[in-house]
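Participant: My structure is below; once you've seen it, I'll send some questions.
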Amino acid sequence: MKKALISASVASVLTLASFGAMAEGPNFYGRLDIAVTSSDEGATTQEGKDGTIFENNFSHLGVRGSETVANGVDIIYQMEFQVENTSTNSDVFKARNTFLGIKTDAGRLLVGRNDTVFKQSEGGVDLFGNSNADIDRLVGGQTRSADGIWYYSPKLADLVTFNATYLMEDNQSSDDSQYAISATIGDKKLKAQNYYIAGAYNKGISNIDAYRVVGQVKFGEFKVGGLFQNSESSTDSSVDGNTYFVNIAYNLNGVNLKAEYGKDEAGFGKYYSNITEEAGTDVNVTNITVGADYRIAKSTLVYGHYAMYEGDHKVAGTKFDLTDDNVFTVGLRYDF
């Protein structure tokens, strides 16, 4: 009996070792992110609520991995779900990036739900990403889409990648082709290279046609970045405009100090769409955000920021001021 048990144990170990040689994962991961926010108008908070509130900044659970199925061919997969821990909404889980794909020397091909390559072209320039000061408060096209195909080229000359998103027409709101393409140079994490440059084009996804240029560079403890985007409604070409922002970050003994200035003249960002009940023309929105974050452990980040939004627009030829929104946030993020 003991010999049988030993033999079975050895066989199990050998089987797991053999599988481990071919597969990476499945790896479970997640994030808990809770913030206390005070907002005058709630135009930029996650659920559009004003006053002093708790915010869930995209806490999530996920599993991902890969397995070699042939020489030079890997199956890759990911399933990720947002977990609501502050919302009164009964939907505890929400869909996030979930896909199945293959990886070869020719690149990666994914099918499922994912951020478009237009959104991903932001790289690391969104200093206040996944918060109420995310760049989607100013710019449109920050879209996670389902029923699509994604392609990512290998990094050519260890420098350049070409990427594409194509949405299948059967499940989309429009019969027109909807796609996005991008090209990136450098390293979005600013490690392999101390710079990152991207250009991207979005056709029809989220009902806009847009192009953008993104850049970020690291000088010692400083990071300087910016984005310029031109957006046009895919259903009304008279609705268009430019959006841009510039920002800077400085690492002061582990404290990451950040500041950003943004301008929106297009009106596709969340602040403008939430602050007014009647869309106008000649949109003019200004945003200033300052903040800091500090990693008290590899897994744990504390952060805080202040964001100010103000502006004006015209309705039937008459200029109206938009209601200002002042947003104060302090939060804690834990990754596992």
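Since every read-out is calculated from the coordinates, none of them should be taken as a lab result. Because the structure is predicted, anything quoted here is derived from the model rather than measured. All Cβ positions, glycine included, derive from the backbone under ideal geometry; neighbour counts span all protein chains shown.
Participant: Could you name the aspartates and glutamates in cross-link range of LYS119, using Cα to Cα under 14 Å and dropping any fewer than eight places away on the same chain?
Facilitator: Output for LYS119: ASP134, ASP136, ASP209.
Participant: Hey, another quick one. Using only the Cα atoms of region 200-336, each taken as one equal point scatterer with no solvent, compute I(q) by the Debye sum, divide by I(0), and report log10 of the ratio at q = 0.12, 0.15, 0.16 Å⁻¹.
Facilitator: Each listed q maps to, in turn, -0.61, -0.88, -0.95.
Participant: For region 122-261, I need the span (max minus min coordinate) of the C-alpha atoms along each principal axis, in Å, sorted largest to smallest.
Facilitator: Cα spread of region 122-261 along its principal axes, largest to smallest: 53, 34, 22 Å.
Participant: Percent relative contact order of the chain, based on C-alpha pairs within less than 8 angstrom and at least six residues apart? Spell out each step's value before the answer.
Facilitator: Values: 858 pairs, mean separation 45.6, N = 336.
Normalised by residue count, the contact order of the chain is 14 percent.
Participant: Here's another thing I want to ask about it. Only counting other Cβ atoms within 10 Å, I'd like GLU278, GLU24 sorted with the fewest neighbours first.
Facilitator: Working: GLU278 8, GLU24 13.
With the sparsest Cβ surroundings first, the list reads GLU278, GLU24.
Participant: Most fluctuating residue of GLY215, GLY140, GLY123 in a GNM of the chain with Cα springs under 10 Å: which is it?
Facilitator: Between GLY215, GLY140, GLY123, it is GLY123 that shows the largest mean-square fluctuation.
Participant: So for region 40-197, Kirkwood radius off the Cα pairs, Stokes-Einstein at 4 °C and 1.567 mPa s: how many µm² s⁻¹?
Facilitator: 73 µm²/s
Participant: Which of VAL73, VAL139, VAL214 has the fewest other C-beta atoms within 10 Å, and how do the rest follow up to the most? Provide the component values of the computation, followed by the final result.
Facilitator: On the way: VAL73 12, VAL139 28, VAL214 23.
Lowest count first: VAL73, VAL214, VAL139.
Participant: Do me a favour and compute the ellipsoid semi-axes for the chain from its Cα gyration tensor, root of five times each eigenvalue, largest one first, whole Å.
Facilitator: Working: eigenvalues 291, 121, 86 Å².
Over the Cα atoms of the chain, the semi-axes work out to 38, 25, 21 Å.
Participant: For the chain, what is the mean residue ellipticity at 222 nm derived from helices alone (per DSSP H run of n ≥ 4: -39500 (n - 2.57); sum divided by total residues; nearest 500 deg cm²/dmol)? If you can, show how the numbers build up before the last one.
Facilitator: Details: 3 runs with 31 residues, N = 336.
Here the helix-only value at 222 nm equals -2500 deg cm²/dmol.
Participant: Find the percent of Cα-Cα distances in region 142-204 that exceed 16 Å, and round it to a whole number. Write down the numbers at each step before the final one.
Facilitator: Details: 1015 of 1953 pairs.
For region 142-204, the fraction of Cα-Cα distances above 16 Å is 52 percent.
Participant: Computed on alpha carbon atoms, what radius of gyration and Dmax characterise region 60-148, expressed in Å?
Facilitator: For region 60-148, the Cα-based Rg and Dmax read 15.6, 49 Å.
Participant: So how do ASP264, ASP282 line up by other beta-carbon neighbours within 10 Å, fewest first? Walk me through the intermediate numbers first.
Facilitator: Working: ASP264 27, ASP282 13.
So the residues, fewest neighbours to most, are ASP282, ASP264.
Participant: Compute the long axis of helix 2-22 from its Cα atoms, compare it with the longest principal axis of the Cα atoms of the chain, and write down the angle in degrees, 0 to 90, nearest 10.
Facilitator: Computed tilt is about 40 degrees.
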